[in-house]
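Everything below concerns the one structure shown next.
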Amino acid sequence: MRTVRVWFSKTGRAIYISHLDLMRCMTRAARRARIPVWYTQGFNARAYMTFALPLSLGISGLKESMDLRLEHEMENAEVCARLDAALPPDIHVFAVTDPVMKPGAIAYASYQLKIPSPAPEAQCEQVRALFATDPLFVEKRSKHGPLQMNLHPELRDTTVSAAEDSLQIDALLAAGGNFNLNPSLLLQCIERALFPVPEVTIVRTGLWNADKKPFQ
């Protein structure tokens with residue numbers, strides 16, 4: 001018995017699949033692909049399947065990870081090929097590796113946000129000036145209710161650039177079990193202080209540990 005780490009992307013229409021539905025999808029795909037997944041014991045047996053950091057609804061993920069425990073030996077390449085073939089087109093398994101870090105090592109997530117803009121250069125300067133404001137208060141939801149937090153210290157690794165018809169925000173935000181910062185808070189600040197954001201594309205590009213090294 002051993003654990004493997006499955007790396008996959010979740011894009012296109014799949015971004016509207018909830019985390020619970022994603023778990024069901026992966027479980028059924030593993031069954032169809034005849035992956036020897038180990039099941040928990042007891043009345044409600046379930047496949048041993050652990051996601052490093054669940055993805056919020058509506059956000060694409062380019063390098064998501066899921067741990068599977070195999071009941072008997074199967075080559076990583078075969079697990080990858082079988083599982084990918086059993087999944088819908090917008091969920092793509094591109095690698096299966098042996099785990100190096102524990103999921104608890106995740107401390108950051110990198111995001112790319114693209115906002116359509118009629119005046120990218122001007123709005124780019126506005127957003128840069130806003131993100132440089134200290135304090136920059138925003139309302140963050142928690143299990144204890146809404147909290148006012150200063151977002152400014154969390155934007156040290158955030159850049160704003162202008163493209164032909166859009167703004168692009170690249171941000172490395174706190175993530176993990178202790179503290180998780182949703183990129184929608186950046187949009188909340190922009191809408192409250194500057195201009196409406198009618199539509200935006202958000203992509204999570206990777207997960208990182210406390211030393212800002214890629215999660216493996």
Checklist entry - Of 148, 99, 61, which is farthest along the charge dipole of the range 61-159 in the positive direction, counting Lys and Arg as +1 and Asp and Glu as -1 at C-beta? => result 148
Next on the checklist: Tell me the relative contact order for the chain as a rounded percent, counting alpha carbon contacts under 8 Å between residues six or more apart.
Outcome noted: 25 percent
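Here is the link list: 143/213; 10/143; 63/114; 102/212. Which ones come out longer than 23 Å on Cα distance? Each step should come with its number before you reach the end.
Working: 143/213 30 Å; 10/143 27 Å; 63/114 18 Å; 102/212 15 Å.
Result: 143/213; 10/143 exceed 23 Å.
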Next on the checklist: What does the charge count around residue 159 come to, taking other residues whose C-beta lies under 11 Å from its C-beta (Lys +1, Arg +1, Asp -1, Glu -1)?
Outcome noted: 0
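Let me spell out the model: positive unit charges on the Cβ of Lys and Arg, negative unit charges on the Cβ of Asp and Glu, origin at the Cα centre of the range 105-209. What dipole size does that give, in debye rounded to 20?
480 debye
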Checklist entry - So, with +1 on the Cβ of K and R and -1 on the Cβ of D and E, and no other charges, what is the size of the charge dipole of the chain about its Cα centre, to the nearest 20 debye? => result 900 debye
Next on the checklist: Could you compute the net charge surrounding residue 82? Neighbours are other residues with a C-beta less than 12 Å from the C-beta of residue 82; K and R count +1, D and E count -1.
Outcome noted: 0
Item to check | DSSP beta bridge pairing in the chain, given as percent antiparallel to the nearest 5 | outcome: 95 percent
Checklist entry - Distances over 23 Å make up what percent of all Cα-Cα pairs in the range 105-209? => result 25 percent
Item to check | Per-residue [θ]222 nm for the chain (sum of -39500 (n - 2.57) over DSSP H runs n ≥ 4, rounded to 500) | outcome: -6500 deg cm²/dmol
Checklist outcome for this item: Ranking 127, 109, 88 by how far each Cα lies towards the positive end of the charge dipole of the chain (+1 on Lys and Arg Cβ, -1 on Asp and Glu Cβ), the top one is 88
Checklist entry - Using the Cα gyration tensor of the chain, with a ≥ b ≥ c the square roots of its eigenvalues, what is the shape: rounded (a/c below 1.5), prolate (a/b larger than b/c) or oblate (neither)? => result prolate
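Each reported figure results from applying straightforward, stated rules to the coordinates on display, with no laboratory input. Bear in mind that the values here come from a model prediction, so they are computed numbers and not experimental data. Heads up, the Cβs are rebuilt from the backbone with ideal geometry, glycines too, and the neighbour counts pull from every protein chain shown.
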